[in-house]
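Engineer: The structure's right below; bear with me while I get my questions together.
Quick note: the coordinates plus some simple rules give every number you see, no bench work behind them. Nothing here was measured: the structure is a model prediction, and the numbers come from that model. Backbone-built Cβ (ideal geometry, glycine too); neighbour counts: all protein chains shown.
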Amino acid sequence: MNSKIIVDNLNFYYGNMKVLNSIDISFYENSITALIGPSGCGKTSFLRILNRLNDTVSNVKVEGNIVLDGTDIYKDMDPITLRKKVGMVFQKPNPFPMSIYDNVAYGPRVHGIKKKNELNEIVERSLKSAFLWDEVKDRLNKSALSLSGGQQQRLCIARALAVEPEVILMDEPTSALDPIATSKIEDLITTLKENYTVIIVTHSMQQAARISDYTAFFLLGKLVEHEKTKYIFESPRDKRTKDYITGMFG
């Protein structure tokens, strides 16, 4: 497998508090990696570091190297370029208060695409990729806020796909959704790895086991174990991993 992102000796601080400690991990092309671990262990902070969302937070410090396709994302890449390559989907669906069409067209417009026929193609392709086109194709001019929660989350995924990223980060994308909507999002995520590298934070052990190729277990700001999901769940090397996935704590 080719490494898409290589993280080397990453330390992360909020003020004087060390949140992440000496993280080394690689994420592979066309794969899904689940980040698991109890609340407060650093998963979401780590995810946000991967597309520099913490840049806007004062009093934080990042040490170490994060390399995307051979380029260090903190030393040699500006945030706008990075966020075109690395998309983000949040825990709570956050569509913009505008039409379904304009939500998906927003990113391409920011990056200079203005022709209507080009935007139409991008909107249709992105909504189809997010399994949403058939449900909304006749009401593209309606407010995105009129969609159900599950549809809103798929719209946010379509919005991320519209700028043609290479990596998609997801922070507990189904935690606010019912089981049927969750199942649709999981089906969608498993198809995305054909074209993207997907990194997902999840609190659900079942979800990690169902959809991921690799699983990384975080505890108290450290990466305890990172291996193919099958091995993490069937024969973890570290007792702490075993205790967590069997429900002994967390």
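Engineer: For an R0 of 51 angstrom, estimate the FRET efficiency from the Cβ-Cβ distance between T81 and I180 and round to the nearest 0.05.
Structural biologist: Taking R0 as 51 Å, the efficiency between T81 and I180 is 0.85.
Engineer: Assuming 0.36 nm per residue, please report the length gained on full extension of the stretch K137 to K61 beyond their Cα-Cα distance.
Structural biologist: Separation in residues times 0.36 nm, less the Cα-Cα distance, equals 22.9 nm.
Engineer: Under 1.5 on a/c is rounded, so check that first for region 73-201, then, if it is not, pick prolate when a/b is larger than b/c and oblate when it is not; a ≥ b ≥ c are the square roots of the alpha carbon gyration tensor eigenvalues.
Structural biologist: Oblate, because a/c is 1.5 or more while a/b does not exceed b/c.
Engineer: Shifting gears a bit: Could you work out the relative contact order of the chain, using alpha carbon pairs under 8 angstrom and six or more residues apart, expressed as a whole percent?
Structural biologist: 28
Engineer: Using amide H atoms built in the peptide plane, which far-off residues or other-chain residues are under 5 Å from M88 H to H?
Structural biologist: Those lying under 5 Å, H to H, from M88 are L169.
Engineer: If you don't mind, another one. Counting only DSSP beta bridges with both residues in the chain, tell me the antiparallel percent, nearest 5.
Structural biologist: Taking every DSSP beta bridge within the chain, about 60 percent pair in antiparallel fashion.
Engineer: Another question, if that's okay. Relative contact order for region 1-123: what percent, with Cα pairs under 8 Å and sequence separation of 6 or more?
Structural biologist: The value is 24 percent.
Engineer: Let me ask something else about it. Could you tell me which trypsin sites (Lys or Arg not before Pro) in region 1-77 are loop residues by DSSP with no more than 11 other beta carbons within 10 angstrom of their beta carbon?
Structural biologist: Hits after loop and neighbour filter: K75.
Engineer: Then there is this: Given the rule -39500 (n - 2.57) for each run of at least 4 DSSP H residues, summed and divided by the residues of the chain, what is its mean residue ellipticity at 222 nm, to the nearest 500 deg cm²/dmol?
Structural biologist: -10000 deg cm²/dmol
Engineer: Using a Förster distance of 45 angstrom, determine the FRET efficiency expected from the C-beta separation of R210 and E121, and round it to 0.05.
Structural biologist: Computed FRET efficiency for R210 and E121 comes out at 0.85.
Engineer: Ok, one more. Among the lysines in region 23-130, how many pairs, 8 or more places apart or on different chains, have alpha carbons under 19 Å apart?
Structural biologist: 7
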